[in-house]
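The values are calculated or read from the model by the stated rules, or taken from the named source; none is laboratory data. Just so it is clear, the structure is predicted and the values come from calculations on it, not from any experiment. Here the Cβ positions follow ideal geometry from the backbone for every residue, glycine too, while neighbour counts run over all protein chains shown.
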Amino acid sequence: MSERINYWKLIGPEATFLTQIEDKLNHGPLDLRLLETVRLRASQINGCGFCVRYHSQRLRMLGETEERIDLIIAWREAPCYSEREQAVLQWAETITLLSDHRNVPDTMYEQTRQFLSEEELASLTLAVAMANVWNRIAVAFRTDHSSIETLLKAADNMEQYSDQKIGRA
């Protein structure tokens, strides 16, 4: 399959704004590996090959194990995920598949709140929404996978720069 359009050329400022939101989330209250795990799971559900590849590689760069990356798709049966991670993944799946559920049950909200503060839950929900935005763009326009390495380098450089700027290095 070939790329349909290069959306960066057409909506570059808007896409840049989306990446700025992502950067803000990456430096928010949730661990970056947890965010990337959620992004990978949403991308799997949405069938976005570009995003699955990107987030899998990003998780490797962040030191995630192959076992945990491989088992995200079957997290319910995988003993390597904590109760907190399972609650987060369940929340992410429900938000991603909202048209199937039509709502988010109170019991799920309460279960997730056992593990996340209000701020963390708000950040998680925005991160899931953003993953879904990127998935829809990448699937609709058949984003060329050849740009993944460039994006990974840019993400790594941005993380290093931001960490130095805010004193994390």
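The residues listed here are Glu85, Glu67; of these, the one that is assigned to a helix (DSSP H, G or I), modelled with pLDDT of 95 or more and more than 15 Å from the chain's Cα centre (by Cα) is Glu67. Within the range 7-55, the set of residues being touching a residue at least 60 places away in the same chain (Cβ under 8 Å) and among the charged types (D, E, K, R) comprises Glu22, Asp23, Arg39, Arg53.
Quick check on Thr112: is it touching a His at 6+ places or on another chain (Cβ under 8 Å), among the hydroxyl-bearing types (Ser, Thr, Tyr), under 20 Å from Met130 (Cα atoms) and part of a helix (DSSP H, G or I)? No: the conditions fail for Thr112. Consider the range 17-41. How many of its residues are more than 30 Å from Arg76 (Cα to Cα) and either at pLDDT below 90 or outside any helix (DSSP H, G or I) (or both)? Going through the range 17-41 one residue at a time, the tally reaches 0. Only a single item in (1) surrounded by 13 or more Cβ atoms within 10 Å (Cβ to Cβ); (2) closer than 27 Å to Ala87 by Cβ is not met by Gly47, and it is number (1).
For the range 57-75, the criterion of being basic (Lys, Arg) and in contact with a Cys (Cβ under 9 Å, 6 or more places away or on another chain) is met by at least one residue. Go through the residues of the range 26-39 one by one and say whether even a single one is crowded, with 16+ Cβ neighbours inside 10 Å and in contact with a His (Cβ under 7 Å, 6 or more places away or on another chain). Within the range 26-39 (the criterion being crowded, with 16+ Cβ neighbours inside 10 Å and in contact with a His (Cβ under 7 Å, 6 or more places away or on another chain)), the answer is yes, since at least one residue qualifies.
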